[in-house]
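Have a look at the structure below, then the notes.
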Amino acid sequence: MAEVLGRLVGGILRLVVFFLVLVVALHHLAPGVMSEMRHLAPRGAAGELMDDDASPRRPSRREENGLDQPGVLFEVADPRPGNALGTAFKVGGGTLWLTANHVVSQCDRVGVEMGPFHAAEVERGHSLPEADVAAIRLPAHVPQSLALATGLPAEGEAGYHMGFPRGHRAVVVSDYMGEGEVTVGARQRTPVLVWAEARRLPPFSGSLAGISGGPALNGRGELVGINIAVSERRGRIITAHPDAIAALLEAERAVTFSTAAGQAAPVGTTLTPATALRMARALETAGTLRRVRCQVG
């Protein structure tokens, strides 16, 4: 009996020594691997396509400072059909609205909320599935629309992501990191803008599901992107590239990206964390920012 116990203890000790040697070897011979393993360790909820998944697949092109930078390729899964809630906003002077393609693509009916107990069914327009953007047309007069920015934000510039995460009006403040790439389903890579989440207004935790399709605005209240995905692991928000928005507007024979389509904020108003939630409330009251309901079956 004593001999058996001795062999068992000896085997356990050899395993412990083996793993200690392996850890030391990895630490000294492959520090980059260990760093990436620590970096990819989940910090709460898994990444999601606001309503599904957006997972980092390869390291950045700019890693010399040890920080995660744009250039990361995100893989965005196609959503599963099912009733869902998203966000849409008005651009231009007519009936054109923009949202994320995954918000409306799997729906039998799409409605935009016009009040607490009423949603108007919309007509679907052009879409760019590879960029996850789509146009819808709402037969209702809404005088106020969002203005379109004429260029990309500067690195570190604040962004304001508006919408209805889990059905409630909110703003996510972020810092612009730069351009990246995504693949949506099995489609080709497409450029996006990558943002680092900084704070939520009002403060809340958990999923951002429902903010998909909402606008990303710069400090002047101008449209610089459409919310399409988030990586909870890295605290990143992904928005459609302005070029994709321009292509969608061109397909709709609407305003060009370089033309202001409306006035998102009163003249002289600067969008800041102190004013962002008030601006979102004003846009919702004006009817410019609305919830989108997807009905299946």
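Quick notes
- Residue in the range 156-168 that is at pLDDT 90 or above and under 22 Å from residue 94 (Cβ atoms) present: yes
- Enumerated strands (runs of 3 or more DSSP E) restricted to the range 145-255, each holding at least 1 residues that are of a type in the set (A, V, I, L, M), touching a Pro at 6+ places or on another chain (Cβ under 7 Å) and in contact (Cβ under 8 Å) with a residue 60 or more places away in the chain: 158-163, 170-184, 189-201, 222-231
- For residue 185, the test of being surrounded by fewer than 19 Cβ atoms within 10 Å (Cβ to Cβ) and more than 21 Å from residue 271 (Cα to Cα) is passed.
- Any chance residue 271 is open to solvent by less than 70 Å² (accessible area, probe 1.4 Å), modelled with pLDDT of 90 or more and assigned to a helix (DSSP H, G or I): no
- Filtered residues of the range 92-132 (kept if within 19 Å of residue 224 (Cβ to Cβ) and modelled with pLDDT under 90): 92
- Residue among 208, 201, 193 that is surrounded by 23 or more Cβ atoms within 10 Å (Cβ to Cβ) and farther than 22 Å from residue 293 by Cα: 193
- Pairs where the first residue, in the range 114-142, is among the β-branched types (Val, Ile, Thr) and the second is open to solvent by 90 Å² or more (accessible area, probe 1.4 Å) and outside any loop (DSSP other than H, G, I, E, B), C-beta under 8 Å, 6+ apart: 136/123; 136/124
- Within the range 90-117, the set of residues being within 19 Å of the chain's Cα centre (by Cα) and in a strand (DSSP E or B) comprises 90, 97, 98, 99.
- Looking only at residues in the range 121-144 that are assigned to a loop (DSSP other than H, G, I, E, B) and of a type in the set (Asp, Glu), the one that is most open to solvent (accessible area, probe 1.4 Å) is 130.
The values are calculated or read from the model by the stated rules, or taken from the named source; none is laboratory data. For clarity, every value in this text was computed on a predicted model and none was experimentally measured. Here the Cβ is made from the backbone with ideal geometry for all residues, glycine too, and neighbour counts use every protein chain on show. These area figures cover heavy atoms from the full protein model, side chains too; ligands, DNA and RNA do not enter into them. Shrake-Rupley method; radii C 1.70, N 1.55, O 1.52, S 1.80 Å.
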